[in-house]
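> Take a look at this one; I'll ask things after.
Since every read-out is calculated from the coordinates, none of them should be taken as a lab result. Source: prediction; values computed, not measured. Methodologically, a virtual Cβ is constructed for each residue, glycine included, from the backbone with ideal geometry; neighbour enumeration extends over all protein chains shown.
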Amino acid sequence: MIRIEITKLLKGAQGPFTLSAQMDVNEGGITVLTGPSGAGKTSVLRMISGLMRPDAGIIMVGDDTWFHSGQKINRPPQKRAIGYVFQEYALFPNMTVRQNLKFALQKSQQPSIIDEVIEIMGLVRLQDEKPMNLSGGQKQRVALSRAIVQMPKVLLLDEPLSALDRAMRIQLQDYLHEIQRSYQMSVILVTHDISEIFKLANHVVSIQNGVIVNAGTPQEVFSDHNLAGKFQFTGEVVKLETQDFLMIITVLIGSQTIRVIGDQSEHRELKIGDHVLVASKAFNPIIRKLS
Amino acid sequence: MLISNSRKRWFFIFTAVNRLQGVISQVQTDGHLTILKVQVKDQILSSILIDSPVTNPILKIGAPIAAIFKETEVIIGRGDVSNISLRNKIKGRVDQIESGQLLARLSIQTNIGVINSVITAQAVKNLNISVGDEVWAMIKTNEVMVSQ
């Protein structure tokens, strides 16, 4: 269990506000922090990492105390077993992929971990390339790999996929899922992407103005759980077409699109890019085995 | 539909679907399945769910609930409909007809509110339906969703 109880006075765009967060994060899962910009999500990550000092509180990972204002414990970042990946790639430009990973290796570690991570992250053919020859998605894969090489207990990810296009994002989500499963790391991920949350998160914490406003499974936080429809997905409206008094609404769910018939009056409510819940009675779908 | 325009707030808007507010009057459960009776004014609607009062605590007698169904699931009948298996039959008067090449949208004024139905334009012709006619709006039990 990762125990986080922190308060910190922050300077926001609309003036100072107090971040006050209490959460217990299960180890070995993916926890998502979500909420509007400036809510304090990045500050939470920075305080877990030790880059920012809470005004008061406790941060414990298992039995390890990383921060305790009462006991005056404040471990420096290098003494906290964390990996941290931001939206920017921050790779060493003069080093190859392999050298970048090697640089992150600590003295006590077996070098064989590098080969293992290179394999899992699909970097075998890119390992001798320099960052300038890599695409955005590849660079971010290297940045993730570099964080993983150190075998952190807690992997902090601050919108690491938000600068990537959708196809690349989906691919990296799969890698992230894979490494989290392989190494049983505790991942704390900041993201706005609802489909990403549904795909990856075991637990979601929604923060607004420094306060946790909602927490639970993605289904509990984002779905209308009061709606008794067993066939529900969330997705993004990608196309709206009108025919007579009907609308044909195309919704992207994960990497697949579906089309739903709606009433034309929905045109006034919906626009491209809206996040929507698609629900149906569970009696309607048919299932066919794919061979 | 769940809509978030600002990414800040999540809220639900059920656009355009038929939504009738009522109260649960009966809960009949067998294993994983439940048939709910929803009292909407003088009409009882039934809905079948893959749920039970255990898995979904909102399913209790007296609880306010909305019965929700799509326009495309509303069957239209005229005359005697007593020998049809459908549980949900609501009498009303056609208020408005909008016809396209293939489909038509009927707006029906009933005791429990307006019910919209989308059926084929040919069906409207065959049944000889015009504005003011008395019709039955019918919905299969497994097409009725419920929401708090």
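> Count the net charge of all other residues whose Cβ sits under 10 Å from the Cβ of A:His203, scoring Lys and Arg as +1 and Asp and Glu as -1.
-2
> From other protein chains only, count the Cβ atoms within 10 Å of every residue's Cβ in A:271-281, then give the mean.
5
> Among A:Ala104, A:Gln219, A:Thr34, pick out the residue whose Cα is farthest towards the positive end of the charge dipole of segment A:2-222, where Lys and Arg carry +1 and Asp and Glu carry -1 on C-beta, about the Cα centre.
A:Ala104
> If you don't mind, another one. Give me the net charge of A:Ala163's neighbourhood, meaning all other residues with Cβ under 11 Å from the Cβ of A:Ala163; Lys, Arg count +1, Asp, Glu -1.
Spelling it out: positives minus negatives among the neighbours equals -1.
> In whole Å, how far is the Cα centre of segment A:46-105 from that of segment B:33-57?
The distance from the Cα centre of segment A:46-105 to that of segment B:33-57 comes to 52 Å.
> Using the Cβ atoms and a cut-off under 12 Å, what net charge is assigned to the surroundings of A:Leu189, where Lys and Arg are +1 and Asp and Glu are -1?
In short, -2.
> Pairs of lysine in segment A:55-153 with Cα under 27 Å and at least 8 positions apart or on different chains: total?
So the count of such lysine pairs works out to 13.
> Still on this structure: Looking at chain B, identify the longest residue range that excludes and avoids all trypsin sites (Lys or Arg not before Pro) in DSSP loops having at most 14 other Cβ atoms within 10 Å.
Looking at chain B, B:79-148 is the longest stretch - no exposed trypsin sites (Lys or Arg not before Pro) with at most 14 other Cβ atoms within 10 Å.
> Express in nm, to one decimal, how much length is gained between A:Gln232 and A:Arg3 on full extension, taking 0.36 nm for each residue of separation and deducting their alpha carbon distance.
79.2 nm
> Moving on to the next point. Rounding to the nearest 20 debye, state how big the charge dipole of segment B:71-140 is about its Cα centre with +1 on each Lys and Arg Cβ and -1 on each Asp and Glu Cβ.
Dipole size: approximately 180 debye.
> Based on the alpha carbon coordinates of segment A:2-222, what radius of gyration and maximum Cα-Cα distance (Dmax) apply, in Å?
Cα only, segment A:2-222: 17.3, 50 Å (Rg, Dmax).
> Of the trypsin sites (Lys or Arg not before Pro) in segment A:8-116, which ones lie in a loop per DSSP and count no more than 13 other C-beta atoms within 10 Å?
Sites meeting the loop and neighbour criteria: A:Lys72, A:Lys107.
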